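Participant: I have a structure I would like to understand better, so I am pasting it below and will then ask my questions one at a time.
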Amino acid sequence: MVSAEQTGLFIGGAWVTASGDARIDVVNPSTEALLGSIPEATPRDVDRAVLEAQNAFKDPGGWSTWTGAERAAVLRRLADALNRRGSETAEIVSRQNGMPIAVSSGLEAAFPALLLNMYADTIDEQPKTTRRPGLLGGQIDVVRKPMGVVAAIVPWNFPQTLAMSKVAPAIAAGNTVVLKPSPETVLDSIILAECIAEAGVPNGVINIVPGGREIGEYLVRHPGIKRVAFTGSTAAGRSIAETCGRLLRPVSLELGGKSATIILDDGDIANSIESFFGATLLNNGQTCFLGTRVLAPRRRYNEIVDTLAGLAQAATVGDAMDPATMIGPMVSARQRDRVEGYIQRGSADGATIVAGGSRPERAGWFVAPTIFADVNNSQELAQEEIFGPVLAVISYDDDDHAVAIANDSAYGLGGTVWSQDPIRARALAERIDTGTIGINGYTPDPAAPFGGVKASGIGREFGPEAIDDYTDLQTIYL
Ligand code: NAD
C-alpha cells in the first residue's frame, strides 16, 4: 500500500526533497478519513522538473535520439510494471476519488498498460523518415521529430488513465514529460513513479509535480515547455488555451460534456440496463462523456421515466471499496454541494424529481442517484455539466427533433443512440455534433481517437493517431 509519509517528489528519476514545506492532504470521500499526504511542488520544483526533462530529451544519447524500437521496449516494461500493481492502483484510486472498486479494477488497473502497449506497437512500426517524390521533380524526405518537454495536466476522475493517455503517446514519440496530477488524487502517482523507476525508464523522461491550479498555470506558461496536454473543466481549458494562444504553444484540450442519450422509438434499454448505466452514470456520474440528457420519444416518455427511476432506486450506493457499490461518493464536499445546488435549482425550475434528490444519511459525500422528468432542454439541468449522478429526461416528437435537441448544446463529447435497428441508429449517430458516440452502449476504446467538439475541447487522444499530435514534421527537399 502507498505510504502516507511520502517525503519526496519524483523528479529526474529520483525522489528529491521538495523545496517547500506545504503538503497536499488526501481525504477518503467514502469515509471522510485522512488517507495520506504528499509534498506539494513549488515553482522551483517545476523549474527543476522541466530542466530534468529537457536534459533527458536532448543529452547526448537522450530519449529523443532513441529509435522507436528502443523506446517501445521501455514502454512495454513500464506496462508490465503497472500491470503487476494494477489492483493496488485500483484500490488507491477508489479510496481517493470514490470510484466504485468494480470500475477502477477494470479501468484504472488495466487501461494505462493497454495504452503503453498500443503506443509501443505503433512506434515500433513507424519509420522516422518517409521519402516521397515531389510534384515539381526531385525527392522529399518527411522526418518525424519529437517536440520537447510536454506538460500533462490531468483531473481526478480517472487519474491514471488520463495521465497515460498523454504520457504514453508523448514518450513513444520521443518527448519527455512533466505530469501534474490533481490534488484530489496525488497518491496513485506514487505507484506510477515506483513503476517508472522499476521499469528503467531513463531518468527525467517522466517527472511528476503534485499541485493545484497555480502550479498548473505555472507549468503551462513555463518557457521550457513545448506542448501542453490538458484534461479538465471547460473553464480551465479556456484559460490554458488563452495562455497557449499567446505563446503559440501547441495544446490539446479534453474538456467537459453534456452528452445526449437518444432512445429511439424502438430502443430497448430495459434489457440493456448494465450498458445503459455505464453510458449514463459510470463513476458516480463523474465522467466527462456520460449521456446525462436522456431524450425519450413522447409516446414512450412515461415508460422510460419509470425504467430510469427504477434503475436509480435499485443502484447500490455505498463505500467505493465495496464490490457491490454501483454509486460511490462525490470526490469532495465541494463537489457534493455543487451537485446538490443543481438538484435544488432544477426542482425550483419546475422539473420533477422521480428518484433520488436527497443526501443519503451516512458519513461521506454521497448524493443519491437522481432522475429528473419534465425537463426542457433550455434549462440549466440540461445545459450545464453537473458531474454527479443526475439524469435529465427530455421528451421529443420525432427523429429530427431528437437530433435538434441533442445538438442544441454548448458541448459535443459523447452520447449514445438506442435502437433495435442498428442501421437506423448508425445513420442518426452521424448527425450528432459530437466527437464520439455509441450505438446501444458506449465503450471508449483506446484503439480509436477520443475527444470533443465545441466546448468539449480541441484535439483527440487515444488511437495510433495521437502520436502525430506529439510529433513535429520536418520536410527536407532533396
Ligand atoms: P479542473 O479543470 O478543475 O482541474 C483539472 C486539472 O487542471 C487539475 O489538475 C487542476 O489542478 C488543473 N488546473 C485547474 N485550473 C488550471 C489552470 N488554469 N491552469 C492549469 N491547470 C489547471 O477539473 P476537475 O474538476 O479536476 O475535473 C473535472 C472536469 O474534467 C470535468 O469538467 C470533466 O468533464 C473534465 N474531464 C474531461 C475529460 C475528457 O476527456 N474530455 C475526461 C475527464 C474529465
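Participant: Name the residue, out of A425, A392, A455, that is among the small types (G, A, S), modelled with pLDDT of 95 or more and over 18 Å from T292 (Cβ atoms).
Facilitator: The conditions single out A425.
Participant: Quick one: how many residues across segment 425-454 are assigned to a loop (DSSP other than H, G, I, E, B), more than 12 Å from the ligand (Cβ to nearest atom) and closer than 12 Å to N407 by Cα?
Facilitator: Of the residues in segment 425-454, 4 are assigned to a loop (DSSP other than H, G, I, E, B), more than 12 Å from the ligand (Cβ to nearest atom) and closer than 12 Å to N407 by Cα.
Participant: Which condition number in (1) closer than 24 Å to S239 by Cα; (2) touching a Pro at 6+ places or on another chain (Cβ under 6 Å); (3) β-branched (V, I, T) is the one that I458 fails?
Facilitator: Answer for I458: the failing condition is (2).
Yes/no matrix, rows are residues, columns are (1) touching a Ser or Thr at 6+ places or on another chain (Cβ under 9 Å); (2) within 16 Å of the ligand (Cβ to nearest atom):
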| site | (1), (2) |
| --- | --- |
| G318 | yes, no |
| I343 | yes, no |
| D349 | no, no |
| S358 | yes, no |
| G388 | yes, yes |
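Participant: All but one of (1) surrounded by fewer than 24 Cβ atoms within 10 Å (Cβ to Cβ); (2) of a type outside the set (V, I, T); (3) outside any helix (DSSP H, G or I) hold for L179, so report the exception by its number.
Facilitator: Of everything listed in (1) surrounded by fewer than 24 Cβ atoms within 10 Å (Cβ to Cβ); (2) of a type outside the set (V, I, T); (3) outside any helix (DSSP H, G or I), L179 misses just condition (1).
Participant: Of all residues in segment 237-262 being more than 24 Å from E380 (Cα to Cα) and not aliphatic (A, V, I, L, M), which is nearest to the ligand (Cβ to nearest atom)?
Facilitator: This residue is T243.
Participant: Using the structure shown, decide if T234 is touching a Gly at 6+ places or on another chain (Cβ under 7 Å) and surrounded by fewer than 24 Cβ atoms within 10 Å (Cβ to Cβ).
Facilitator: yes
Participant: Which count do you get for residues in segment 215-236 that are within 7 Å of the ligand (Cβ to nearest atom) and either of a type in the set (F, W, Y) or over 16 Å from L51 (Cα atoms) (or both)?
Facilitator: Count: 9.
Participant: Need at least 3 residues that are over 26 Å from the mean Cα position of the chain (by Cα) and more than 24 Å from T161 (Cα to Cα) per element, so show me which helices (runs of 4 or more DSSP H) inside segment 1-112 make the cut, counting only ones lying wholly within it.
Facilitator: 43-58
Participant: May I ask you to say which residue of Q313, Q335, Q344 is at pLDDT 95 or above, buried (at least 16 other Cβ atoms within 10 Å of the Cβ) and part of a helix (DSSP H, G or I)?
Facilitator: So the residue among Q313, Q335, Q344 that is at pLDDT 95 or above, buried (at least 16 other Cβ atoms within 10 Å of the Cβ) and part of a helix (DSSP H, G or I) is Q335.
Participant: In the set I467, I405, I371, which member is more than 14 Å from the ligand (Cβ to nearest atom), out of contact with any Leu (no Cβ under 7 Å at 6 or more places or on another chain) and at pLDDT 95 or above?
Facilitator: From the options I467, I405, I371, the qualifying one is I467.
Participant: Only one residue in A151, A120, A110 is at negative phi, more than 14 Å from the ligand (Cβ to nearest atom) and crowded, with 21+ Cβ neighbours inside 10 Å. Which one?
Facilitator: A120
Participant: Also, quick follow-up: Taking D266 as the residue in question, decide whether it is under 19 Å from V375 (Cβ atoms), among the acidic types (D, E) and away from the ligand (no atom under 16 Å from the Cβ).
Facilitator: Spelling it out, it is not the case that D266 is under 19 Å from V375 (Cβ atoms), among the acidic types (D, E) and away from the ligand (no atom under 16 Å from the Cβ).
Participant: Here is a check on your reading of the model: is P210 more than 8 Å from the ligand (Cβ to nearest atom) and free of Cβ contacts under 8 Å to residues at least 12 places away in the same chain?
Facilitator: Judged against the criteria, P210 is not a match.
Every residue, every condition in (1) under 21 Å from A163 (Cα atoms); (2) free of Cβ contacts under 8 Å to residues at least 12 places away in the same chain; (3) of a type in the set (A, V, I, L, M, F, W, C), yes or no:
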| residue | (1), (2), (3) |
| --- | --- |
| S395 | no, no, no |
| D400 | no, yes, no |
| V403 | no, no, yes |
| G415 | no, no, no |
| Q420 | no, no, no |
| D433 | no, no, no |
| G452 | yes, no, no |
| G457 | yes, no, no |
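The values are calculated or read from the model by the stated rules, or taken from the named source; none is laboratory data. What you see is a predicted model, and the numbers here were worked out from it, not measured in a lab. Ideal geometry is used to build each Cβ from the backbone, glycine not excepted, and the neighbour counts take in all protein chains shown.
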